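Here's the structure, in structure tokens; my notes come after.
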């Protein structure tokens, strides 16, 4: 984890510092810092990114992708208690929850549909941030809005036979299920459950969905530990793919750590998945085999990397570390 984090910090992403691509990495550094040999150095890096953004979300208030970076602000706020870190996010969400989201989820084109959560990736980007807003303020309006939007998207994109999400409506009928797309969802689902109060009325629905997806995902892992980019047709794109694999290892390990998944049933997949991810790390710390930005299964290469893949890798490592060092220590739910 240290090697990957240090490589990424030494090779800054060229994406805007508030972009969704950056969000998993800054989220991960928050979580990794206490485990590291130099917590303050990693937290300082998160703080610098937030200050560069002036603690603002992305440029499109109604777009889920532009909410993702605020997760790193909420996490740092828990450590440093500086209200300025989350004030812009709360102001944005105050406006967002009042906006009427009653349109179709049909994915016509990006410009017409980004206000709705019409793509499954959105379930990682916005829902945990909204749940964090409720945790920070005690105001359940944010969580209630998230809950309504989550199930609207799930009812539309979730294949109840395959127990997987279509990336968007363009793929209906094709049985093409994108690994990272479903990784975004399963990791987002875990992150929502981390933030959701134990007494929230719909929490059991999220737990049931998490278990159902996890039981399907674990059957799609290849013998070498990776999940291929095309989940139901791994031979179509046979090279390893680390971003989806990392999100699955993260979510499955978290599920076991929290007592939501059976350790004996999932331990082999978690260990094989983590070993596969480690094999993809170059001697200098660069993570390879990350599928580039896309909206469907795509090819990879040993030299292909992206900051969101590194973030997913570090997140996976934090839960594997907990899995191996303290297997019976679920975190408390507020």
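Going by the structure shown, is residue 78 farther than 21 Å from residue 33 by Cα, surrounded by fewer than 20 Cβ atoms within 10 Å (Cβ to Cβ) and out of contact with any helix residue (DSSP H, G or I) (no Cβ under 7 Å at 6 or more places or on another chain)? Taking the combined requirement at face value, the residue does not satisfy it. Selection over the stretch 81-105 of residues that are touching a residue at least 24 places away in the same chain (Cβ under 8 Å), in contact with a helix residue (DSSP H, G or I) (Cβ under 9 Å, 6 or more places away or on another chain) and assigned to a loop (DSSP other than H, G, I, E, B) gives a count of 4. Among the conditions (1) assigned to a loop (DSSP other than H, G, I, E, B); (2) under 25 Å from residue 166 (Cβ atoms), the only one that residue 154 does not satisfy is (1).
Yes/no per residue for (1) more than 23 Å from residue 188 (Cβ to Cβ); (2) out of contact with any strand residue (DSSP E or B) (no Cβ under 7 Å at 6 or more places or on another chain); (3) crowded, with 24+ Cβ neighbours inside 10 Å:
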position	(1), (2), (3)
242	no, no, yes
262	no, yes, no
278	yes, yes, no
299	yes, yes, no
308	no, yes, yes
319	no, yes, no
322	no, yes, no
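When residue 95 is tested against (1) closer than 14 Å to residue 63 by Cα; (2) surrounded by 15 or more Cβ atoms within 10 Å (Cβ to Cβ); (3) at pLDDT 95 or above, only condition (2) is not met. Looking at the stretch 106-128, which of its residues are modelled with pLDDT of 95 or more and touching a helix residue (DSSP H, G or I) at 6+ places or on another chain (Cβ under 6 Å)? Hits for the stretch 106-128 are 117, 120, 121, 122, 123, 124, 125, 126, 127, 128.
Taking the criterion of being outside any loop (DSSP other than H, G, I, E, B), in contact (Cβ under 8 Å) with a residue 60 or more places away in the chain, surrounded by 15 or more Cβ atoms within 10 Å (Cβ to Cβ) and in contact with a helix residue (DSSP H, G or I) (Cβ under 7 Å, 6 or more places away or on another chain), would at least one residue in the stretch 12-21 satisfy it? Show your work before the answer.
Filtering the stretch 12-21 for residues outside any loop (DSSP other than H, G, I, E, B) gives none.
No, the stretch 12-21 contains no residue that is outside any loop (DSSP other than H, G, I, E, B), in contact (Cβ under 8 Å) with a residue 60 or more places away in the chain, surrounded by 15 or more Cβ atoms within 10 Å (Cβ to Cβ) and in contact with a helix residue (DSSP H, G or I) (Cβ under 7 Å, 6 or more places away or on another chain).
All of (1) outside any loop (DSSP other than H, G, I, E, B); (2) in contact (Cβ under 8 Å) with a residue 40 or more places away in the chain hold for residue 119 with one exception: (1). Evaluate the following for residue 246: is it touching a strand residue (DSSP E or B) at 6+ places or on another chain (Cβ under 7 Å) and either in contact (Cβ under 8 Å) with a residue 24 or more places away in the chain or part of a loop (DSSP other than H, G, I, E, B) (or both)? In short, no. Applying the set (1) free of Cβ contacts under 8 Å to residues at least 24 places away in the same chain; (2) exposed (fewer than 15 other Cβ atoms within 10 Å of the Cβ); (3) more than 24 Å from residue 114 (Cβ to Cβ); (4) in contact with a strand residue (DSSP E or B) (Cβ under 9 Å, 6 or more places away or on another chain) to residue 236 leaves exactly one unmet item: (1).
Is the stretch 269-276 home to any residue that is surrounded by fewer than 17 Cβ atoms within 10 Å (Cβ to Cβ) and either more than 25 Å from residue 176 (Cα to Cα) or in contact with a strand residue (DSSP E or B) (Cβ under 8 Å, 6 or more places away or on another chain) (or both)? Within the stretch 269-276, one or more residues are surrounded by fewer than 17 Cβ atoms within 10 Å (Cβ to Cβ) and either more than 25 Å from residue 176 (Cα to Cα) or in contact with a strand residue (DSSP E or B) (Cβ under 8 Å, 6 or more places away or on another chain) (or both).
When the stretch 182-228 is filtered for residues that are free of Cβ contacts under 8 Å to residues at least 12 places away in the same chain and either assigned to a helix (DSSP H, G or I) or surrounded by 19 or more Cβ atoms within 10 Å (Cβ to Cβ) (or both), the ones remaining, listed by number, are 203, 204, 208, 219. Evaluated against (1) without any contact (Cβ under 8 Å) to a residue 12 or more places away in the chain; (2) in a loop (DSSP other than H, G, I, E, B), residue 41 falls short on exactly one condition, (2).
The values are calculated or read from the model by the stated rules, or taken from the named source; none is laboratory data. The shown structure was predicted, so the numbers you read here are calculated from the model rather than taken from an experiment. As a convention, Cβ positions derive from the backbone with ideal geometry for all residues, glycine included, and neighbour counts pool all protein chains shown.
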